[in-house]
1. Please give the peptides 42-49, 192-199, 23-30 ranked by average Cβ packing (other Cβ atoms within 10 Å per residue), highest first, as a rough proxy for protection.
2. What nm value, rounded to one decimal, do you get for the distance between residue 321 and residue 288 when each label is placed 7 Å out toward the C-beta?
3. Mind ordering 236-243, 127-134, 156-163 by average Cβ neighbours within 10 Å, highest first?
4. Once both labels are modelled 7 Å past Cα along the beta-carbon direction, what's the residue 308-residue 187 spacing in nm?
5. I'd like the Karplus ³J(HN,Hα) series for the stretch 94-105: coefficients 6.51, -1.76, 1.60, θ = phi - 60°, whole numbers in Hz, and an x wherever there's a Gly or Pro.
6. Give the residue list of chymotrypsin sites (Phe, Trp or Tyr not before Pro) in the stretch 123-185 that are DSSP loop and have at most 15 other beta-carbon atoms within 10 angstrom.
7. With a/c under 1.5 counting as rounded, go ahead and sort the stretch 195-236 into rounded, prolate or oblate using the C-alpha gyration tensor (a ≥ b ≥ c being the square roots of the eigenvalues; past the cut-off, prolate if a/b is larger than b/c, else oblate).
8. Among 3/130; 3/292; 82/102, which pairs are too far apart, with a Cα-Cα distance over 21 Å?
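Derivation of every value follows stated rules applied to the coordinates shown; laboratory data play no part. As the structure is a computational prediction, the values presented were derived from the model and not from experiment. Cβ: placed from backbone, ideal geometry, glycine included. Neighbour counts: every protein chain shown.
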Amino acid sequence: MLKVGVFGVGHLGKFHLNNWKQIPTVELVGFFDPNNEQAAEVEKTYGIKRFLDEAELIAAVDAIDVVTPTHLHFPVCEMAIKMGKHVFVEKPMANTIEEGKKIMNMVKEANVKLQVGHVERFNPAFTALKNETLKPLFIEVHRLAQFNPRGTEVSVILDLMIHDIDIILSIVKSDVKNISASGVAVLTDTPDIANVRIEFNNGCVANLTSSRISMKKMRKIRLFQKDAYIGIDFLEKNTEIIKLKQPDESDAFSFDIETHQGTKTISISNPVVEEGNAILSELSSFVESIEKDEPTVVNEIDGYLAMEVAHQILDKISKSASVVNQSAE
Ligand code: NAD
């Protein structure tokens with residue numbers, strides 16, 4: 001059995017508790033949360049032991065799950081890694097680039113496993129594409145959410161867009177060449193809505209829009225590549241592929257279009273999207289990596305690279321905001 005301790009049992013921490021309980025090879029040893037009210041409710045509802053000392057909980061487990069507010073990811077991760085424990089940490093992996101670098105180095109030195117909670121990698125609408133060749137040249141992303149004060153201690157880039165940054169970096173295997181970005185702080189002190197263009201060395205361009213002040217929710221990624229369009233709806237959990245029909249494709253819906261290069265047959269298909277719980281899948285995958293001594297699916301390097309792009313975007317936004325302010329003076 002893998003002994004697990006949870007740090008932070010707020011909104012997402014409670015979902016994690018429910019999912020840890022469903023993994024047969026996990027023993028949920030206890031949790032740490034300084035909020036007495038929250039802790040009392042969790043002790044009563046979940047019947048899990050509350051630890052009052054962080055180090056005592058870490059010493060009692062093989063792995064910890066960090067679901068604290070983002071600025072506290074680093075100190076908790078640091079303590080656990082230095083004690084030789086495996087770590088599952090929510091996204092973003094840390095608050096600052098320096099913290100992210102330190103985590104990467106500590107994980108390597110301590111030879112422990114770390115997984116970052118980039119849960120969309122386990123979204124069934126995305127995993128349905130595991131057998132497809134994804135080589136996009138243009139990517140259009142929309143992640144829109146209604147306003148909720150939870151999570152607004154960080155910008156929309158670190159709160160929401162980082163999910164899409166991680167997905168895109170996992171698909172486009174190329175270095176970032178250039179980033180342009182603009183964002184506006186509408187209801188909070190940091191950008192609540194942003195539009196970003198990321199250009200990659202291989203020619204791919206990704207255009208991302210994230211908002212946490214929208215009336216409607218949307219979580220869509222559209223990939224355009226040679227001969228194909230692939231749409232992924234992370235919210236509605238469906239996936240669509242429209243491409244030039246292959247000779248061996250028999251059951252796809254298809255139609256002909258006339259082009260200057262002659263008649264082309266277009267096929268439309270919807271890969272099977274399994275019923276699934278992405279949080280359970282990501283936590284189970286973390287456990288399996290430890291049991292089999294294999295790399296985690298979203299490791300500390302992935303977590304760092306997503307943070308690095310997110311911080312470059314934030315720099316661009318703050319520079320463009322200061323240019324706007326200067327010209328207004
Ligand atoms: P929350 O405010 O609801 O919960 C945070 C909890 O951490 C609170 O109960 C608080 O008392 C506790 N806490 C504070 N200091 C602590 C400490 N030193 N040690 C242990 N616990 C401490 O926040 P949330 O919405 O649950 O978010 C938590 C984290 O999860 C954030 O990093 C956020 O970015 C991430 N998150 C990820 C997703 C996702 O889709 N992967 C979704 C929501 C939140």
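1. Working: 42-49: 14.4, 192-199: 20.1, 23-30: 15.9.
Per-residue Cβ counts within 10 Å, averaged per peptide and sorted highest first, yield 192-199, 23-30, 42-49.
2. Taking the two extended label points, one gets 4.1 nm.
3. Details: 236-243: 17.4, 127-134: 13.2, 156-163: 25.0.
Highest to lowest by the protection proxy: 156-163, 236-243, 127-134.
4. About 3.4 nm separates the two model spin labels.
5. Result, ordered by residue: 8, 7, 10, 4, 4, 4, x, 5, 4, 4, 4, 5 Hz.
6. 147
7. oblate
8. Working: 3/130 31 Å; 3/292 16 Å; 82/102 12 Å.
Pairs exceeding the cut-off: 3/130.
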